[in-house]
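Visitor: Have a look at the structure that comes next, please.
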Amino acid sequence: MGVDIGNRLRYVRLRHKLSQRELAKRTGVTNSTISLIESNASNPSVGALKRILDGIPIGLAEFFSFEPEKPRKAFYAAEELVEIGKGPISYRQIGDNLFGRSLQILKECYQPGADTGKVPLVHEGEEGGIVLSGRLEVTVDDERRILGPGDAYYFESRRPHRFRCVGPVPCEVISACTPPTF
């Protein structure tokens, strides 16, 4: 039985309160590479893994020797959701430890004009969401839609995608992705 490097890396990164982007900035490894490793779509070389772990910082021996507990908690109060976003986009995650989990659930809030970026997101897995309030422009490949309350999206995450709040009020979304991405 092999070691789940992707989930282990995600667990360690989140325990140190680092986003994928921050870890990428610290290490010189691209954000997309870290995302691919964490989703187990790519296996890093020992040298690449060491460089990533140096940005946390944690040594290879410690990384492979600890065994995080799998989450057993089933219920979460609103104030227990963990903020993993920053700036004009809030991502509040259910649970702080997703080690061993195959699903990530988020309550997202996009401030007016907030955008995930001009470069589309691409990663392994699937994702979907339902707009609760406001208006969200969702682009998947070359298709673009403006979704309002009650509208939803669901697609394979390897298709280039982007999210942007349109209109004068914040947009709230409940989303899920598998495997966990952030």
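The values are calculated or read from the model by the stated rules, or taken from the named source; none is laboratory data. Remember, predicted model here, so these are calculated numbers, not experimental data. Cβ sites come from the backbone with ideal geometry, for glycine too, and all protein chains shown count toward neighbours. The accessibility values were calculated without ligands, DNA or RNA, using every heavy atom of the protein model including side chains. Shrake-Rupley method; radii C 1.70, N 1.55, O 1.52, S 1.80 Å.
Visitor: Do we find a residue being within 14 Å of the chain's Cα centre (by Cα) and either polar (S, T, N, Q) or open to solvent by 60 Å² or more (accessible area, probe 1.4 Å) (or both) anywhere in segment 111-118?
Guide: Checking segment 111-118: at least one residue is within 14 Å of the chain's Cα centre (by Cα) and either polar (S, T, N, Q) or open to solvent by 60 Å² or more (accessible area, probe 1.4 Å) (or both).
Visitor: Kindly list the number of the only condition in (1) closer than 23 Å to residue 161 by Cα; (2) touching a Pro at 6+ places or on another chain (Cβ under 6 Å); (3) not in a loop (DSSP other than H, G, I, E, B) that fails for residue 11.
Guide: Of the numbered conditions (1) closer than 23 Å to residue 161 by Cα; (2) touching a Pro at 6+ places or on another chain (Cβ under 6 Å); (3) not in a loop (DSSP other than H, G, I, E, B), the odd one out for residue 11 is (1).
Visitor: Right, next: Could you run through segment 134-170 and say how many residues are touching a Cys at 6+ places or on another chain (Cβ under 8 Å) and either over 30 Å from residue 11 (Cβ atoms) or of a type in the set (Asp, Glu) (or both)?
Guide: So the answer is 5.
Visitor: Among the strands (runs of 3 or more DSSP E) confined wholly to segment 137-178, which include 1 or more residues that are surrounded by fewer than 13 Cβ atoms within 10 Å (Cβ to Cβ) and free of Cβ contacts under 8 Å to residues at least 24 places away in the same chain?
Guide: Of the strands (runs of 3 or more DSSP E) lying wholly inside segment 137-178, those with at least 1 residues that are surrounded by fewer than 13 Cβ atoms within 10 Å (Cβ to Cβ) and free of Cβ contacts under 8 Å to residues at least 24 places away in the same chain span 143-147.
Visitor: Let me ask another. Among the listed residues 86, 107, 73, which satisfies the condition of being in contact (Cβ under 8 Å) with a residue 12 or more places away in the chain, under 30 Å from residue 146 (Cβ atoms) and exposed (fewer than 14 other Cβ atoms within 10 Å of the Cβ)?
Guide: Numbers: 107 fails: exposed (fewer than 14 other Cβ atoms within 10 Å of the Cβ); 73 fails: under 30 Å from residue 146 (Cβ atoms).
From the options 86, 107, 73, the qualifying one is 86.
Visitor: What do you reckon, is residue 123 open to solvent by less than 50 Å² (accessible area, probe 1.4 Å), in contact with a helix residue (DSSP H, G or I) (Cβ under 9 Å, 6 or more places away or on another chain) and either within 22 Å of residue 86 (Cβ to Cβ) or modelled with pLDDT under 95 (or both)?
Guide: Against the criterion (open to solvent by less than 50 Å² (accessible area, probe 1.4 Å), in contact with a helix residue (DSSP H, G or I) (Cβ under 9 Å, 6 or more places away or on another chain) and either within 22 Å of residue 86 (Cβ to Cβ) or modelled with pLDDT under 95 (or both)), residue 123 qualifies.
Visitor: If you don't mind, there's one more thing I want to ask. Of everything in segment 78-88, what is within 20 Å of residue 178 (Cα to Cα) and outside any loop (DSSP other than H, G, I, E, B)? Give them in sequence order.
Guide: Matches in segment 78-88: 82, 83.
Visitor: If we keep just the residues of segment 22-45 that are over 16 Å from the mean Cα position of the chain (by Cα) and in a helix (DSSP H, G or I), which is surrounded by the most Cβ atoms within 10 Å (Cβ to Cβ)?
Guide: Among them, the one singled out is 27.
Visitor: Looking at 173, 122, which is the one that is touching a Pro at 6+ places or on another chain (Cβ under 6 Å) and at negative phi?
Guide: Values: 173 fails: touching a Pro at 6+ places or on another chain (Cβ under 6 Å).
Criteria check complete, one pass: 122.
Visitor: Among (1) within 22 Å of residue 31 (Cβ to Cβ); (2) out of contact with any Asp or Glu (no Cβ under 9 Å at 6 or more places or on another chain), which single condition is residue 112 missing?
Guide: All conditions are met except number (1).
Visitor: Pairs only if they're at least six apart or on different chains, beta carbon under 7 angstrom, first in segment 1-22 and in contact (Cβ under 8 Å) with a residue 12 or more places away in the chain, second aromatic (Phe, Trp, Tyr) and open to solvent by less than 10 Å² (accessible area, probe 1.4 Å); list them, first residue then second.
Guide: 8/63; 12/63
Residue-by-condition table, conditions (1) under 23 Å from residue 141 (Cβ atoms); (2) β-branched (Val, Ile, Thr); (3) in a loop (DSSP other than H, G, I, E, B):
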site	(1), (2), (3)
47	no, no, no
51	no, no, no
63	no, no, no
76	no, no, yes
97	no, no, yes
112	no, no, yes
119	yes, yes, yes
